[in-house]
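Novice: A single structure is presented below for examination.
The values are calculated or read from the model by the stated rules, or taken from the named source; none is laboratory data. Please read all numbers here as calculations on a predicted model, not as lab measurements. Every residue, glycine among them, receives a Cβ derived from its backbone with ideal geometry; neighbour counts consider all protein chains shown.
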Amino acid sequence: MEYFKLNDGNKIPAMGIGTFLLTPDQAEESVYNALKDGYELIDTANAYVNEKAVGRGIRRAIDDGITTREKIYLETKIWPSFYEDENAVDKTIERLGVDYIDMLILHQPAGNYVAGYKMLEKAKKEGKVKSIGISNFSIEQIKDLLSKTEIVPSLIQVEAHPYYPQTELKEFLAQYNIVLQAWYPLGGKGNDSVLSEEAFAKLGEKNGKSAAQAILRWHVQERNIVIPGSSNPEHIRQNIDIFDFELSDEDMKEVEKLNKNTPFYISTQDKLDGYAKWVPDVDGQK
């Protein structure tokens, strides 16, 4: 495993498993299998409605002697409809069944996100969370947040992949040492357009790896944290097997040519306003 240092002095694994779109049963098994295969970073969210299951997977792995809580980097995200709920952090910790969260993130720049972020700042000061971050914020929204709050986010979670490497955003983030964590690191569920690029087939063959492993290795060398999600035990095992090879400078330049500066997912303010009003059934989850 490789690690990145955050701007608050903490460190974060470069690779983890995501649980987006996983049912509770799938999330529990995927988390357990991932920890068994050497993963340390686990990502979930209020909106995924599987936090309880993620917690069960973690506890099973600890009870079976596979790992310890101290070796697990647990991150989750607060949904906009809870940004003004003063108990949102405590409820999230309770659902996960842990004593603290390693990284707590605002999921969307919707609703009263300044109030939501101040809630995260308070939780960090109280020791309930170790680091705080944001997700899906634009540069202008980050500037707005920084002008109204105290603690600089340690991480931002956004769409990033070879077609959309977030070059402009990363130049801005560098000023504050904010690390980027990529969702859709392979192009998104059911989208094989990046995976089918001939460049990655060649890079995989050159290094005795798959195209997916070549893409994930590119991310890590670009200083992107990756959290590919899967319920397939074999894919989970393969995804983490990227730390025994490196892409050369020439390889990295070849990947650079694929940049289309175009995301797969297009968000609008109307969608964000809708997100702020939707309340996930976090209390009714299994």
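Novice: Among the residues of the stretch 113-130, which ones are under 20 Å from Gly55 (Cα atoms), in contact with a helix residue (DSSP H, G or I) (Cβ under 7 Å, 6 or more places away or on another chain) and not in a loop (DSSP other than H, G, I, E, B)?
Specialist: Across the stretch 113-130, the qualifying residues are Ala123, Val129.
Novice: Here is a further query. Of all residues in the stretch 134-146, which are in a loop (DSSP other than H, G, I, E, B) and either surrounded by fewer than 21 Cβ atoms within 10 Å (Cβ to Cβ) or among the basic types (Lys, Arg) (or both)?
Specialist: Ser138
Novice: Do we have any residue at all in the stretch 147-154 that's in contact with a helix residue (DSSP H, G or I) (Cβ under 9 Å, 6 or more places away or on another chain) and assigned to a helix (DSSP H, G or I)?
Specialist: Yes, there is a match, as at least one residue in the stretch 147-154 is in contact with a helix residue (DSSP H, G or I) (Cβ under 9 Å, 6 or more places away or on another chain) and assigned to a helix (DSSP H, G or I).
Novice: From Glu51, Glu86, grab the single residue that is without any contact (Cβ under 8 Å) to a residue 40 or more places away in the chain and farther than 19 Å from Pro153 by Cα.
Specialist: After applying the criteria, what remains is Glu86.
Novice: Turning to a different aspect of this structure: So Thr92 passes all but one of these: (1) surrounded by fewer than 23 Cβ atoms within 10 Å (Cβ to Cβ); (2) on the phi < 0 side of the Ramachandran plot. Which condition number does it fail?
Specialist: (1)
Novice: Please indicate, with yes or no, whether at least one residue in the stretch 247-270 is free of Cβ contacts under 8 Å to residues at least 12 places away in the same chain, within 23 Å of Tyr3 (Cβ to Cβ) and charged (D, E, K, R).
Specialist: Checking the stretch 247-270: at least one residue is free of Cβ contacts under 8 Å to residues at least 12 places away in the same chain, within 23 Å of Tyr3 (Cβ to Cβ) and charged (D, E, K, R).
Novice: Are any of the residues in the stretch 161-174 among the polar types (S, T, N, Q), buried (at least 22 other Cβ atoms within 10 Å of the Cβ) and part of a helix (DSSP H, G or I)?
Specialist: No, the conditions are met nowhere in the stretch 161-174.
Novice: For the stretch 1-17, how many residues meet the condition of being touching a helix residue (DSSP H, G or I) at 6+ places or on another chain (Cβ under 9 Å) and farther than 25 Å from Gly127 by Cβ?
Specialist: 4
Novice: From the list Arg237, Arg223, which one is in contact with an Asp or Glu (Cβ under 6 Å, 6 or more places away or on another chain), modelled with pLDDT of 95 or more and surrounded by fewer than 17 Cβ atoms within 10 Å (Cβ to Cβ)?
Specialist: Exactly one of Arg237, Arg223 is in contact with an Asp or Glu (Cβ under 6 Å, 6 or more places away or on another chain), modelled with pLDDT of 95 or more and surrounded by fewer than 17 Cβ atoms within 10 Å (Cβ to Cβ), namely Arg237.
Novice: Which one of the conditions (1) touching a residue at least 60 places away in the same chain (Cβ under 8 Å); (2) within 13 Å of Met15 (Cα to Cα) does Tyr176 fail to meet, given that it meets all the rest?
Specialist: With respect to (1) touching a residue at least 60 places away in the same chain (Cβ under 8 Å); (2) within 13 Å of Met15 (Cα to Cα), Tyr176 is out only on (2).
Novice: Being under 17 Å from the mean Cα position of the chain (by Cα) and at pLDDT 95 or above: is that true of Ala182 here?
Specialist: Yes, satisfied.
Novice: Of all strands (runs of 3 or more DSSP E) completely enclosed by the stretch 1-112, which ones contain at least 1 residues that are modelled with pLDDT of 95 or more, basic (Lys, Arg) and under 28 Å from Leu146 (Cβ atoms)?
Specialist: Those strands (runs of 3 or more DSSP E) span 3-5, 11-13, 73-78.
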